[in-house]
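Reviewing the structure listed below.
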Amino acid sequence: MKETVVQVNGEIDLASAGDFGAQLSRAIGDGAETVVVDLTDVDFMDSAGVNTILNARALAERAGVRLVLRRPNGEADRILDLFGL
């Protein structure tokens, strides 16, 4: 099984969401069966970050790729929980 890990650091906000989304799209399109988004080192995430993850989830579903969020903590965990992710 091919797995791709996308490591994210710092903040996922309006300023970084575009690059983050592009990175996720590339990982999903590269033929991986599973894309793991490692959120261990994410200090902050706003609604733009959540929207990027939701868009990636939809893209992954259409491509038959499993999208997994790994180790969200602190603020990232709280915001993902608010959105039911």
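The residues of the chain have, on average, 56 Å² of accessible surface per residue, using a 1.4 Å probe with all protein chains present.
So for the chain, averaging the separation of alpha carbon pairs under 8 Å that are six or more residues apart and normalising by length, what relative contact order in percent results? Write down the numbers at each step before the final one.
Working: 137 pairs, mean separation 30.5, N = 85.
Here the relative contact order equals 36 percent.
Across region 47-56, rounded Karplus estimates of 3J(HN,Hα) from the backbone phi angles (6.51 cos²θ - 1.76 cosθ + 1.60, θ = phi - 60°) give 5, 5, x, 5, 4, 5, 5, 4, 5, 5 Hz, Gly and Pro being marked x. Summing Cβ point charges (Lys, Arg +1; Asp, Glu -1) relative to the Cα centre of the chain gives a dipole of roughly 400 debye. Residues whose amide H comes within less than 5 Å of that of Val5, counting only those at least five positions distant or on another chain, are Val36 (H built at 1.01 Å from N in the peptide plane). Of the two radii for the chain, the radius of gyration is 0.94 times the Kirkwood radius, both from the alpha carbons; that is the Rg over Rh value.
In whole percent, and with a 1.4 Å probe on the protein chains, what portion of the accessible area of the chain is carbon and sulfur?
Carbon with sulfur: 47 percent of the solvent-accessible area.
Of Ala27, Ala63, Val42, which is farthest towards the positive pole of the chain's charge dipole, taken about the Cα centre with +1 and -1 on the beta-carbons of Lys, Arg and Asp, Glu respectively? The residue sitting farthest along the positive end of the dipole is Ala63.
Go ahead and estimate [θ] at 222 nm for the chain from helices alone: -39,500 (n - 2.57) per DSSP H run with n ≥ 4, summed, over the residue count, rounded to 500. Before the final figure, lay out each step's value.
Values: 3 runs with 42 residues, N = 85.
Taking each H run of at least 4 residues, the total per residue is -16000 deg cm²/dmol.
The values are calculated or read from the model by the stated rules, or taken from the named source; none is laboratory data. None of the values given here were measured: they were computed from a predicted structure. Please note: Cβ atoms are built from the backbone with ideal geometry, for glycine as well, and neighbour counts cover all protein chains shown. Areas reflect the complete protein model, heavy atoms only, side chains present, ligands, DNA and RNA absent. Shrake-Rupley method; radii C 1.70, N 1.55, O 1.52, S 1.80 Å.
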